[in-house]
Amino acid sequence: MKPRARTGLLAALVALAACAVVAALVAWFLHTHERIEHKQPLPPQGEAAWNPLYALRESLRADKVPAQTRQRLEPALFVSAPGDTVLLDGDPARLRAAEVDALLDWVASGGHLLLRTPLASVPGDDDADGAPEVPPLLLRLGVEALLPPACVQLQVRGEESHVEFCDGWRVQLERGVSPRRAWGDAEPGYAFVRLAHGRGTVDVASDYDIFGNDQLDEATHQALARQLLAPNYGRGTVHLVYATRIESLWWRLLRDGWMLWSPLALLLAGWLWRRAQRFGPWLPSPVASRRSLREHVRASGALLLRRGQAPLLYDATREAFLARLRRRDPASAALAGEARVQAIAARLQLPHYLVREALTRQGVQDRHVFFARVRTLIQMRNRL
């Protein structure tokens, strides 16, 4: 068998063996692994990204209950509708006096108002001194003080036990104020109270996180939300007033943009490492002695050229050419004058005038003439 055919056969066998190994690995992987589906929740998009009550509004609309969401209270939209419900998911301390009067007058005519306690940092369980002041709206409803938070138990039939209202201030009512419904105890404070005001109802809770977009998917929170909205449910429009909760741009970049900034950070670190000075002494190391003959020759030639010794350098170059000419072509070297010029030009296939100028020492003090003649002599020497 010819060598070329033997090489082709060997390459074909190697390719078949590689394909067999790959096929075996694929078969093993498919036999030992199983394809499964995994649902990964995506971050909220559109209005759901900044409206924490978006899911509640859409759920109410799906249940044929008119619902609106907005960031301002705008009492003019509901003061003439005593059957409406207003859920204020914000700090009641930010309400103006005119808005407080309009809200209480509307509740007295039959409206249903849901409030949460003021937003503030939550102190420890035994630290009551850090509680914020009671807003004017809650004072007029009979709330005497705000107390540290405590969870309350919530149990829905067929669901796991839950605890709610763990992160907000509890309320302590004035003497003589009895709630229609309450969760918690009067002494450590209520986590939720339902108060009567005229012909209407006011609900005050530690927090309304159960109404958030990421909380309404739990059956327990759905049941609790339905109970809290019960007084006027289906009688009028539900007005959902929320405070915008837009995350910081830097936090979103840190959390969601890691696929972009992490390789950029690695590239920046690599560039800084490459450009930064290496660790070591501030002063550079002394230059080590070198023994390169070429460097010494170049340095001595540069020194002679600076000192005006160009003829000496020309003589050395011319003598080097003539020495090689005597070794390679003794007959031409034995000639003199114009005969030698013609013999060298014929051998090296160069113009006569160029050879004649190269062998002439006169005028080499000029730098341009010196460099031209030395260049020609080196070229002639290399052609021998």
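The values are calculated or read from the model by the stated rules, or taken from the named source; none is laboratory data. Keep in mind that what you see is a predicted model, and the values were worked out from it rather than measured. Cβ placement follows ideal geometry from the backbone for every residue including glycine, while neighbour counts extend to all protein chains displayed. For the accessible areas, the whole protein counts, side chains as well, though only heavy atoms, and no ligand, DNA or RNA atoms are used. Shrake-Rupley method; radii C 1.70, N 1.55, O 1.52, S 1.80 Å.
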Subject >> segment 292-323, residues that are within 14 Å of Val364 (Cβ to Cβ) and outside any helix (DSSP H, G or I) >> reply: Gly308, Gln309
Original post:
Hey, among the residues in segment 161-182 that are among the charged types (D, E, K, R) and open to solvent by less than 40 Å² (accessible area, probe 1.4 Å), which one's farthest from the chain's Cα centre (by Cα)?
Top reply: Arg170
**OP:** Kindly check whether there is at least one residue in segment 45-56 that is over 31 Å from the mean Cα position of the chain (by Cα) and loosely packed, with under 10 Cβ neighbours inside 10 Å.
**Re:** no
**OP:** Could you check Ser289 against (1) small (Gly, Ala, Ser); (2) in a helix (DSSP H, G or I); (3) without any contact (Cβ under 8 Å) to a residue 12 or more places away in the chain; (4) farther than 30 Å from Gln365 by Cβ and say which number it fails?
**Re:** (2)
Original post:
With respect to Ala336, is the statement that it is open to solvent by 50 Å² or more (accessible area, probe 1.4 Å) and not in a helix (DSSP H, G or I) true?
Top reply: yes
**OP:** Select, from Thr7, Thr69, the only residue that is in contact (Cβ under 8 Å) with a residue 60 or more places away in the chain and either within 19 Å of His112 (Cα to Cα) or not in a loop (DSSP other than H, G, I, E, B) (or both).
**Re:** Thr69
Original post:
Is one or more of the residues making up segment 330-344 of a type in the set (A, V, I, L, M) and within 14 Å of Thr376 (Cα to Cα)?
Top reply: yes
**OP:** Determine if segment 340-348 includes at least one residue that is open to solvent by 80 Å² or more (accessible area, probe 1.4 Å), out of contact with any Lys or Arg (no Cβ under 6 Å at 6 or more places or on another chain) and modelled with pLDDT under 90.
**Re:** yes
Subject >> Within segment 147-176, tally of residues that are aliphatic (A, V, I, L, M), within 11 Å of Val204 (Cβ to Cβ) and either touching a Ser or Thr at 6+ places or on another chain (Cβ under 6 Å) or assigned to a loop (DSSP other than H, G, I, E, B) (or both) >> reply: 0
Original post:
Would you say Ala299 is under 57 Å from the mean Cα position of the chain (by Cα) and under 23 Å from Val369 (Cα atoms)?
Top reply: yes
Subject >> Residue list for segment 358-380, restricted to those being open to solvent by 80 Å² or more (accessible area, probe 1.4 Å) and charged (D, E, K, R) >> reply: Arg361, Arg367, Arg375
Subject >> Residue that is least open to solvent (accessible area, probe 1.4 Å) [pool: residues in segment 209-224 that are in contact with a Ser or Thr (Cβ under 9 Å, 6 or more places away or on another chain) and not β-branched (Val, Ile, Thr)] >> reply: Leu216
**OP:** Select from segment 33-65 the residues that are at pLDDT below 90 and outside any loop (DSSP other than H, G, I, E, B) and write down the one among them that is nearest to Ala225 (Cα to Cα).
**Re:** Ala48
**OP:** Name the single residue, out of those in segment 234-245 being open to solvent by 50 Å² or more (accessible area, probe 1.4 Å) and under 18 Å from Leu88 (Cα atoms), that is modelled with the highest pLDDT.
**Re:** Thr244
**OP:** Filter segment 183-206 down to the residues that are in contact with a strand residue (DSSP E or B) (Cβ under 8 Å, 6 or more places away or on another chain), open to solvent by 10 Å² or more (accessible area, probe 1.4 Å) and assigned to a loop (DSSP other than H, G, I, E, B), then identify the one that is modelled with the lowest pLDDT.
**Re:** Ala186
Subject >> From Pro82, Pro118, Pro123, residue being at pLDDT below 85, part of a loop (DSSP other than H, G, I, E, B) and surrounded by 17 or more Cβ atoms within 10 Å (Cβ to Cβ) >> reply: Pro118
Original post:
On the given criteria, is Val355 assigned to a loop (DSSP other than H, G, I, E, B) and open to solvent by less than 20 Å² (accessible area, probe 1.4 Å)?
Top reply: no
Subject >> segment 307-333, residues that are over 19 Å from Ala372 (Cβ atoms), open to solvent by 50 Å² or more (accessible area, probe 1.4 Å) and not aliphatic (A, V, I, L, M) >> reply: Arg307, Arg326, Arg327, Arg328, Pro330
